[in-house]
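Taking it in order: structure first as structure tokens, then the write-up.
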Amino acid sequence: MGTRISFIGLLMAGAMLTPTSVFSQEKSDGATDSSLSAPSPVPMPYFTSVIEVSAENGRLIYSENCSVCHGLFGRGDGPRASSFGEYQYIPDLSDGYIIEGRDEEIMEEISEGLNRLEPPAIIMPQFKYILARSDIESVLEYLKILPEIAPPLIE
């Protein structure tokens with residue numbers, strides 16, 4: 001039988017890692033090394049992205065997090081859009097006028113969602129708990145080039 005890690009085994013292993021053992025180290029003279037003390041509390045959410053801000057990285061993040069509603073090319077035709085009510089609105093992001101000159105506002109909308117609208121128009125979640133600020137900046141960079149790269153609509 002192969003190696004199997006049980007949930008109880010993981011809990012027991014985690015219990016051996018106390019804050020003292022993780023964040024401080026006892027020196028040979030019995031004193032504690034303060035250079036390894038616990039970090040100061042950071043207000044949550046606190047995300048640090050490991051990628052640089054770029055339109056290409058924004059495309060990947062957009063595809064994973066936004067396309068389900070906004071569609072692959074930002075036209076508001078993602079698979080989830082079909083479940084929205086008639087009063088719920090998804091803008092066509094492939095049309096440049098939606099993005100142009102609104103960097104800070106769009107960053108806020110991605111981060112905070114569209115919580116300023118009354119129900120049932122609230123449809124965009126808050127991504128501040130999911131994405132780092134630099135990830136949101138990358139999505140904005142992608143949205144800026146989206147009108148140029150989106151294929152034309154076939155009617």
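The values are calculated or read from the model by the stated rules, or taken from the named source; none is laboratory data. The structure presented is a predicted model; accordingly, all values stated were derived computationally and were not measured. Every residue, glycine among them, receives a Cβ derived from its backbone with ideal geometry; neighbour counts consider all protein chains shown. Ligands, DNA and RNA are excluded from the accessible area calculation, which covers all protein heavy atoms including side chains. Shrake-Rupley method; radii C 1.70, N 1.55, O 1.52, S 1.80 Å.
Points worth noting:
- Cβ pairs under 9 Å, 6+ apart, first in segment 50-79 and closer than 16 Å to Arg133 by Cβ, second among the aromatic types (Phe, Trp, Tyr) and part of a helix (DSSP H, G or I): Ser54/Tyr142; Asn57/Tyr142; Gly58/Tyr142; Ile61/Tyr142; Tyr62/Tyr142
- Among the conditions (1) open to solvent by less than 60 Å² (accessible area, probe 1.4 Å); (2) out of contact with any helix residue (DSSP H, G or I) (no Cβ under 8 Å at 6 or more places or on another chain); (3) modelled with pLDDT of 70 or more, the only one that Ile61 does not satisfy is (2).
- Number of the exception - Cys69 against (1) assigned to a loop (DSSP other than H, G, I, E, B); (2) open to solvent by less than 50 Å² (accessible area, probe 1.4 Å): (1)
- Residue in segment 98-111 that is surrounded by 11 or more Cβ atoms within 10 Å (Cβ to Cβ), at pLDDT below 75 and over 18 Å from the mean Cα position of the chain (by Cα) present: no
- Scope segment 32-58; condition at pLDDT 60 or above and either surrounded by 10 or more Cβ atoms within 10 Å (Cβ to Cβ) or in a helix (DSSP H, G or I) (or both); matching residues: Phe47, Ser49, Ile51, Glu52, Val53, Ser54, Ala55, Glu56, Asn57, Gly58
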